[in-house]
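What follows is calculated from the coordinates using simple rules that are stated; it is not laboratory data. Everything numeric in this text was worked out from a predicted model, so none of it was measured. So basically every Cβ, Gly included, is an ideal-geometry build from the backbone, and we count neighbours across all protein chains shown.
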Amino acid sequence: MMESVKLAVQDALKAINAMRSVEDAIPINEESILVGDSGILDSLELVVFIASVEQKLGDAGGRDLRLADTMLSPNGPWTVRTLTEYLCARLADA
């Protein structure tokens, strides 16, 4: 499950990078800070990212996850790693 969640997050970031110039591409690694102080996603990119991850995980497992409240909560910063771990825990509980 961890690998499919990680791929969903990485694919969503690749979609964001397709909207950016090469110079502004997001480094896709486990410690990239997505949201929070020093976060790399602007507000529009965050919406696209959340929708993409929700859809990919829903398509893969048929589960309906809502990430907006989570990603906008003060529990951040959210990195690729912490978000992947959080999503795996949520999917395991579902």
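Summary of values
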{"quantity": "Summed residue charge, Cβ within 11 Å of E45's Cβ, Lys/Arg positive, Asp/Glu negative", "calculated": "-1"}
{"quantity": "Of the trypsin sites (Lys or Arg not before Pro) in the stretch 49-91, those whose Cβ has at most 15 other Cβ within 10 Å and which sit in DSSP loop", "calculated": "R63, R66"}
{"quantity": "Value of [θ]222 nm, deg cm²/dmol, for the chain, DSSP H segments ≥ 4, -39500 (n - 2.57) each, nearest 500", "calculated": "-19000 deg cm²/dmol"}
{"quantity": "Segment A18-Y86, extension gain: residue separation times 0.36 nm, minus the distance between their alpha carbons", "calculated": "21.9 nm"}
{"quantity": "On Cα atoms only, tilt of 80-93 relative to the major axis of the chain in degrees", "calculated": "20"}
{"quantity": "Expected-Rg normalisation [2.2 N^0.38 Å, Cα atoms] applied to the stretch 2-93", "calculated": "1.00"}
